[in-house]
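**Student:** Quick one: the structure is below, questions incoming.
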Amino acid sequence: MDIATLGGQILGQIPLGDIVLYLTPFNLFMFAGALIFTTLIAISRTETQIEAEFGSLKDKKVKVDLEEFKIRRFLAIVCGLATAGAMITGDLFNFTLFVALIGIVNIGIVSAVKQVDVLNAAYQYGLVAMIASMPLFAGAALILGATGTLSLFQLSQTVTTPMMYFASLLLLMGIIGETGVAPFYATKAEMFRTPGSPFILIIHLSSLLIIIRAIEILLIINKPF
Amino acid sequence: MLIGSIGVIVLPKPLDKVIMFALLQAGFIGTVVAAKYLDVAMAAAIFDPIATVIFLMAIIKLNEIRVKKRDLEGEHLD
Amino acid sequence: MIETQIWFYTGIVLLVGGSIATAIGPGVKDPIIRTLNTEIPAIGLSLIFLTYNHTIALLTYIAASVIITMILLRVVVRMEEMGAEL
Amino acid sequence: MLVPELVPAYTVSLFLPALYAGLITGFIGLLAISFQKNDLSALILTDIVGLAMLVIVASVGTDLAEALILPGLVVELAEIMAISEILMSREMRKTGKTAPLLPFPFTADMEIMTTAANFIAVILVVYGVFLSGFTGGAIAGGGIIFYVISRKSRGLPIKIWEGIAGISGIAWAIWLAGFLIFFVAPDYWLLGLFMSAFGILLKVASKMGLIGVMAREEFKRE
Amino acid sequence: MKDIGQIWNDLANPKRIPRLFSVVLGLILIVGFFVPMALNDHQIYPRPLPQEQIDQENPLAPYDRGGVPLVEPGIVKAQYPQNSAKLGMVTGYLSPIAIGVKNTTRYYGTSIYSSPGGLIDEILYYTRGFDTILESAILMMAFVIASWVALNFTMRRRKD
């Protein structure tokens, strides 16, 4: 499928050697959204969360101390930038690397907390992310093997073979694992219990945007219509 | 090399496994030399003892921990 | 040509056999034995790299696998030290 | 005829066996993970799944495939590092023990640690600097690790730790500048090449050194 | 038949998720055996037959791609040659030490091409340099996470 039918007219390209970033209105919108959200996070402060204590009437305050706040803000900014980059990249392998970066940063954002349950969820999510990096890279490699190119512009013009369907299935599986959407959502739901809401929100936003972008890329590769 | 790999799989004791592992690596270095890439063989030859040493340290430490634990449990039972 | 094929199929045998051994081999309940068993498919993978002449990747892999092994063993020892029930 | 127009037929014939070997290996690893109750074993088994990924990438057999193996390898290394650390911190929280109480006095006197350490480390670091780039970084880092492990256990002050981490951050910036030179001023490509190569070398090697410090505190606490 | 709510409840346990994911992925890998697959031989960046260059006793094997250092570019089949003005120059470049090594011995081609210059450096730093940025960023993030956790929890440095 032609790139222009999905995203609109191509507004411009940023050629960096073989990796060409391109901008269409659709991608530009998501790119700007991710960037704006990242700036909001960079200047905002975390909230204090109040947990009800079981068996008594007291509440327990869960605070984020300064050191923890700094590192989590740093990781959240990186996550936002990676999301923004994944929106406009025009190269398949580049996209998979962006997704892997988002996966590892997501683990990092929640790794600093002290609740055992959350750490457990982060560890399980990490395992899924590690397993998922296998179909992610293998899918990209299979598409390279089947077509001899990784550029989305070239891929949008080739004939689709069964091998490419299989490769995109793998790719989809990898993206699902790295971003943790349904039905593998439980690990992330547990992770949302950590204090410090703006940083948790970026995890959510990044996985949403990545899924949209992944569907666009899969449509470009597979040309179902 | 194949003997080494079978040995690593079959032998249950970690220390025996390390010896077989060294054999496996020796076979691998031989193959690299047969392919005439001497620099790769050199790097492999330097890294192999490092891997072996790390394995040995881990195994010795694990053994000590386990022995100590068993002693503690033994005192508990008496 | 015939010798590259020998390396290639030896590599595949080591890779598949080694991963089976890591999964269900004798004594793999002990994590350190499992870690030692992962070295076999690693050597198999190195042989496949060698067949394709990916020598720079091979060089990097040899160095990186030592580091990965060390990280894994650190976890194993630490877990044993704490007596963690997993 | 240095570089052929097409991929040689021999390489094409190797593609299917390698691919199937990768799929089988991945399948075995995944099945083993799914039957695994033990979290630590699952972590070790993901290593196998990572190997399957590398085989599939390598099976394409072009120079590009080789260039793609290196990111895959690095991602694997990075994720194992981060996740193992999380596993340890989780277990420490669960058991409620703290680190300084735990360490187990341990001394292992090995001949190779006292006599050969400097020699091997120097060889590896010099060779790594000659290689440059990721490969060199990993090799020099391996040398540093070995050197660090074989020394006496002494805690690294946190200031120095952060200093070394800062150096690697600066090296990353050097590499970025090198990359930009390639596109902003293509005529200075040689400068860009050297900045990239040594920036990455510094960055990877310094990080590996710090991993070595972590491991030393594990193995040689007295 | 199991209640569907029961299944959702099972899914909510984080410990089950990696197992479930690996089962699903394993099934998909099985599908791979029934899909016809073949390597397309029109690849970018092709390489010669394995062992060909080393058998010709080429001191630069297996990465000899032609070119004269600083003068003539090597052979690179890139995706977008128009985007890289100095394509092939990095491939052809050899550092002075590398030239020395090349004249001494025949078996050190890998080291020569891993030192600054060479095809892999060209791909990693120039034509696909953006990949390497991300790759090193991933390593850096993982290290930041690991060292932060280590300093604060597992090694307990900050409290001392």
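Values in this text are rule-based calculations from the coordinates and carry no lab data. Every value quoted in this text rests on a predicted model; they were computed, and no experiment measured them. In this analysis, Cβ positions are derived from the backbone assuming ideal geometry, glycine residues included, and neighbour counts consider all displayed protein chains.
**Student:** Under the definition of Cα pairs under 8 Å and six or more residues apart, what whole-number percent is the relative contact order of chain C?
**Tutor:** Relative CO of chain C lands at 31 percent.
**Student:** Counting only other chains, what is the mean number of Cβ atoms within 10 angstrom of the Cβ of each residue in peptide B:24-35?
**Tutor:** Mean inter-chain Cβ contacts per residue within 10 Å come to 5.
**Student:** Which residues in region E:49-77 place their backbone N less than 18 Å from a point set 7 Å from the Cα of residue E:102 along the Cα-to-Cβ direction?
**Tutor:** Only E:53-76 fall inside the zone, counting backbone N under 18 Å.
**Student:** Hey, another quick one. Along Cα→Cβ, 7 Å out, is where each label goes; now give me the distance between the ones at residue A:116 and residue D:16 in nm to one decimal.
**Tutor:** Each label point lies 7 Å from its Cα, and together they span 5.3 nm.
**Student:** Just name one of E:7, E:137, E:30: the one whose Cα is farthest towards the positive end of the charge dipole of chain E (beta-carbon charges, Lys/Arg +1, Asp/Glu -1).
**Tutor:** E:7
**Student:** Let me ask something additional. Filter B:17/B:69; D:203/E:86; D:37/D:203; D:159/E:86; B:17/D:203 down to the pairs with a C-alpha to C-alpha distance above 31 Å, please.
**Tutor:** Going by Cα-Cα distance, D:37/D:203; D:159/E:86; B:17/D:203 fall outside the 31 Å limit.
**Student:** I need the peptides E:66-79, A:166-179 ranked by packing, meaning the mean over residues of other C-beta atoms within 10 angstrom, with the highest value on top.
**Tutor:** The packing order, highest mean first, is A:166-179, E:66-79.
**Student:** Residue by residue through A:93-100, how many Cβ atoms from other chains fall within 10 Å of the Cβ on average?
**Tutor:** The per-residue average across the peptide is 6.
**Student:** When the C-alpha atoms of region E:1-144 are aligned to their principal axes, what extent does each axis show, in angstrom, from largest down?
**Tutor:** 74, 42, 35
**Student:** Given R₀ = 22 Å, what would the calculated FRET efficiency be for residue A:35 paired with residue A:10, taking r from the Cβ atoms and rounding to 0.05?
**Tutor:** It comes out at approximately 0.65.
**Student:** Using every Cα-Cα pair within region D:112-215, state what percent have a distance larger than 16 Å.
**Tutor:** Of all Cα-Cα pairs in region D:112-215, 60 percent lie more than 16 Å apart.
**Student:** I would also like to ask the following. Measuring from label point to label point, each 7 Å out along Cα→Cβ, what is the residue D:95 to residue C:6 span in nm?
**Tutor:** In this crude spin-label approximation the distance works out to 4.9 nm.
**Student:** Then there is this: Name the shape class, rounded, prolate or oblate, that the alpha-carbon gyration tensor gives for chain C, where a ≥ b ≥ c are the square roots of its eigenvalues, rounded holds for a/c under 1.5, and otherwise prolate holds if a/b is larger than b/c and oblate otherwise.
**Tutor:** Cα axes put chain C in the oblate bin.
**Student:** Sort B:21-27, C:68-74, D:163-169 for me by packing, meaning the mean count of neighbouring Cβ atoms within 10 Å per residue, highest on top.
**Tutor:** Highest to lowest by the protection proxy: C:68-74, B:21-27, D:163-169.
**Student:** To continue, here is another question. Take each uninterrupted DSSP H stretch in chain C, measure its Cα extent along the helix axis, and return the ones at 18 Å or beyond whose mean Kyte-Doolittle hydropathy is at least 1.6.
**Tutor:** Helix filter hits for chain C: C:55-82.
**Student:** Something else: Using Cα pairs under 8 angstrom and six or more residues apart, how large is the relative contact order of region D:9-95, in percent?
**Tutor:** 29 percent
**Student:** Suppose R0 equals 25 Å. What FRET efficiency, 1/(1 + (r/R0)^6) with r the Cβ-Cβ distance, do residue A:69 and residue A:204 give to the nearest 0.05?
**Tutor:** Working from the Cβ atoms, E equals 0.85.
**Student:** Consider a paramagnetic label point 7 Å from the Cα of residue E:71 along Cα→Cβ; state which residues of region E:116-138 have an amide N under 18 Å from it.
**Tutor:** Inside the label zone: E:118.
**Student:** Could I ask something else about it? Under 19 Å from a label point 7 Å along Cα→Cβ of residue B:72: give me every residue in region C:23-50 with its amide N that close.
**Tutor:** Zone members listed by number: C:31.
**Student:** Please work out whether region D:9-95 counts as rounded, prolate or oblate from its C-alpha gyration tensor, where a ≥ b ≥ c are the square roots of the eigenvalues and a/c under 1.5 means rounded, while otherwise a/b larger than b/c means prolate and anything else oblate?
**Tutor:** The shape class here is oblate.
**Student:** Please name whichever of D:125, D:135, D:179 sits farthest to the positive end of the charge dipole of region D:112-215, dipole taken about the Cα centre and charges placed at Cβ: Lys and Arg +1, Asp and Glu -1.
**Tutor:** D:125
**Student:** What net charge is computed for the residues neighbouring residue E:138, neighbours being all others with C-beta under 11 Å from the C-beta of residue E:138, Lys and Arg scored +1, Asp and Glu -1?
**Tutor:** -4
**Student:** Among E:83, E:95, E:73, pick out the residue whose Cα is farthest towards the positive end of the charge dipole of region E:52-127, where Lys and Arg carry +1 and Asp and Glu carry -1 on C-beta, about the Cα centre.
**Tutor:** So the residue furthest toward the plus end is E:83.
**Student:** For residue E:38 and residue E:16 in the same chain, what is the full-extension length gain: residue separation times 0.36 nm, less their Cα-Cα distance, in nm?
**Tutor:** Length difference between fully extended and current span is 4.3 nm.
**Student:** Moving to a separate point now. If you take the beta carbon distance between residue D:5 and residue A:161 as r and set R0 to 25 Å, what does 1/(1 + (r/R0)^6) give as a FRET efficiency, to the nearest 0.05?
**Tutor:** 0.70
**Student:** Lys and Arg at +1, Asp and Glu at -1: add these up for the other residues within a Cβ distance under 15 Å of residue E:71 and post the number.
**Tutor:** 0
**Student:** Lys and Arg at +1, Asp and Glu at -1: add these up for the other residues within a Cβ distance under 13 Å of residue A:134 and post the number.
**Tutor:** Combined, the nearby Lys, Arg, Asp and Glu give -4.
**Student:** Which order do the peptides D:57-63, A:134-140 take when ranked by the mean count of other beta-carbon atoms within 10 Å per residue, highest first?
**Tutor:** A:134-140, D:57-63
**Student:** Can you compute the charge dipole magnitude of region E:52-127 about its Cα centre, using +1 on each Lys and Arg Cβ and -1 on each Asp and Glu Cβ, nothing else charged? Give it in debye, rounded to the nearest 20.
**Tutor:** 160 debye
**Student:** Per-residue Cβ counts within 10 Å, from other chains only, averaged over D:118-131: what number is that?
**Tutor:** What the average comes to for D:118-131 is 3.
**Student:** Roughly how big is region D:112-215's charge dipole about its Cα centre, with Cβ charges of +1 (Lys, Arg) and -1 (Asp, Glu), in debye to the nearest 20?
**Tutor:** 440 debye
**Student:** Once label points are set 7 Å from the Cα along Cα→Cβ at both residue D:191 and residue E:55, what is their separation, rounded to one decimal in nm?
**Tutor:** Once both label points are built, they end up 4.6 nm from each other.
**Student:** Which of the three applies to region E:52-127, rounded, prolate or oblate, going by the alpha-carbon gyration tensor with a ≥ b ≥ c and a/c under 1.5 meaning rounded?
**Tutor:** prolate
**Student:** Output the 0 to 90 degree angle, nearest 10, between the alpha-carbon long axis of helix E:17-31 and the longest principal axis computed from the alpha carbons of chain E.
**Tutor:** Once rounded, one gets 60 degrees.
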